[in-house]
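Q: Below is a structure I'd like to ask you about.
FYI, it's all coordinate maths here, none of it is from the lab. A quick note: this is a predicted structure, and the numbers were derived from the prediction, not measured. Neighbour counts are summed over all protein chains in view; Cβ atoms, including those assigned to glycine, are modelled from backbone coordinates with ideal geometry.
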Amino acid sequence: MPRMLDVSDDVRAEIGDEEADRLLAGGDAPGSYDCTSCRTPGDSEQERTSTVLFVGEETAVLAFAHATCIPSQVVPVSEEQLQGAVRSITGEDAAPLTPPAPAGDRQATLGITCGLVLIGNDLRPALVVEPDGPIVRPGSTKTEDEFLTLLVEQGFQQVKDMNDLPAMNPGWSTLLAMGKLHAVLQPGVNGGSAAAWWQAHQPLAVSDGWRTAANKAKTVLMYAAPAGTIGHQPREDLMRQALEQAAANGALVAAAMPLAGT
């Protein structure tokens with residue numbers, strides 16, 4: 001039975017006309033599916049459905065989404081991230097990955113909290129990053145924490161007022177694939193492809209409200225503070241208070257970055 005599928009020109013170019021036509025005719029396309037964006041059930045026989053192609057270096061995975069959630073598109077991801085997404089779909093445990101250290105400093109464990117931050121009249125999707133301990137510059141004999149200094153060197157700016165929208169940081173992006181947070185990407189060396197600055201051990205689930213806000217804005221705000229500044233706050237209002245206190249103490253930097261994926 002023909003499906004109510006949307007196949008974008010980019011997806012068609014990747015999978016070929018023959019496969020695209022087979023999908024539209026009902027072959028190789030499921031009737032029911034879990035939307036790769038909102039994770040709720042969909043039915044390609046009853047409602048318009050987008051084809052979303054996740055492409056790694058060696059692997060490609062075709063997923064489906066409500067057309068009202070996201071358009072048909074190609075989403076480039078790293079091979080490791082794609083394999084992790086495949087494992088999460090098939091129910092296999094994702095292989096543990098050690099998050100890379102921020103560019104220019106020691107190996108560190110970075111804690112990330114997802115939350116919504118009110119700026120003006122808009123709820124903005126935000127990531128709050130805090131390392132588990134002081135971070136020093138490689139090769140340095142000093143012991144003081146240089147986490148914020150290193151981020152400022154990477155284009156982040158000090159937050160003076162939480163009501164101000166952080167500026168965009170070119171080359172940085174947040175990767176959301178299969179409806180889960182996979183990585184924060186930073187610019188590649190000497191103009192090369194983007195690399196993971198932080199990568200989840202396993203794809204990190206985000207709330208429906210966070211994902212909806214991120215898909216609407218196509219932009220994610222990232223706030224970073226030294227170890228022990230923010231802590232694990234159980235509510236977003238408490239997280240906001242901690243962020244405001246960090247900003248007042250000159251211990252908070254931030255940047256806006258585009259959302260990669262859905």
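Q: Using the beta-carbon distance between Thr143 and Ser32 and R0 = 51 Å, what value does 1/(1 + (r/R0)^6) give for FRET efficiency, to the nearest 0.05? Walk me through the intermediate numbers first.
A: Details: r = 57 Å, r/R0 = 1.12.
Plugging the Cβ-Cβ distance into 1/(1 + (r/R0)^6) gives 0.35.
Q: If you take the beta carbon distance between Asp17 and Thr40 as r and set R0 to 35 Å, what does 1/(1 + (r/R0)^6) give as a FRET efficiency, to the nearest 0.05?
A: 0.70
Q: If you project the alpha carbons of the range 141-262 onto the principal axes, what extent comes out on each, in Å, largest first?
A: If we take the Cα atoms of the range 141-262, the spans are 39, 37, 28 Å.
Q: Under 5 Å between amide H atoms, partner at least 5 residues away or on a different chain: which partners does Val75 have, H built in plane at 1.01 Å?
A: Leu53, Phe54, Val55
Q: In sequence order, what are the phi-derived ³J(HN,Hα) couplings for the range 162-175 according to the Karplus relation 6.51 cos²θ - 1.76 cosθ + 1.60 with θ = phi - 60°, rounded to whole Hz, with x for glycine and proline?
A: Result, rounded to whole Hz: 5, 7, 8, 6, x, 6, 5, 10, x, x, 8, 7, 10, 9.
Q: How much length is gained if the chain between Thr68 and Lys216 is pulled fully straight, taking 0.36 nm per residue apart and subtracting their Cα-Cα distance, in nm to one decimal? If you can, show how the numbers build up before the last one.
A: Working: separation 148, 0.36 × 148 = 53.28 nm, distance 1.17 nm.
Using 0.36 nm per residue and subtracting the Cα-Cα distance, I get 52.1 nm.
Q: Hey, rough spin-label estimate for Ala195 and Asp10, points 7 angstrom out along Cα→Cβ, what's it come to in nanometres?
A: Computed distance between label sites Ala195 and Asp10 equals 2.5 nm.
Q: May I pose another question? With the crude spin-label approximation of a point 7 Å out along Cα→Cβ, what separation in nm comes out for Gln245 versus Asp161?
A: 2.3 nm
Q: OK, next. Of all DSSP beta bridges located in the range 5-76, what percent are antiparallel, nearest 5?
A: 60 percent
Q: Given H placed 1.01 Å from N in the peptide plane, which residues other than close sequence neighbours of Leu5 have an amide H under 5 Å from its amide H?
A: Thr49
Q: Shifting gears a bit: Search the structure for amide H atoms under 5 Å from the amide H of Gly111, placed 1.01 Å from N in the peptide plane, and list their residues when 5 or more places away or on another chain.
A: Long-range HN contacts for Gly111: Glu130, Asp132.
Q: Can you give the Rg to Rh ratio of the range 5-76, both from alpha-carbon atoms, with Rh computed by the Kirkwood formula?
A: Across the range 5-76, the Cα-based Rg/Rh ratio is 0.93.
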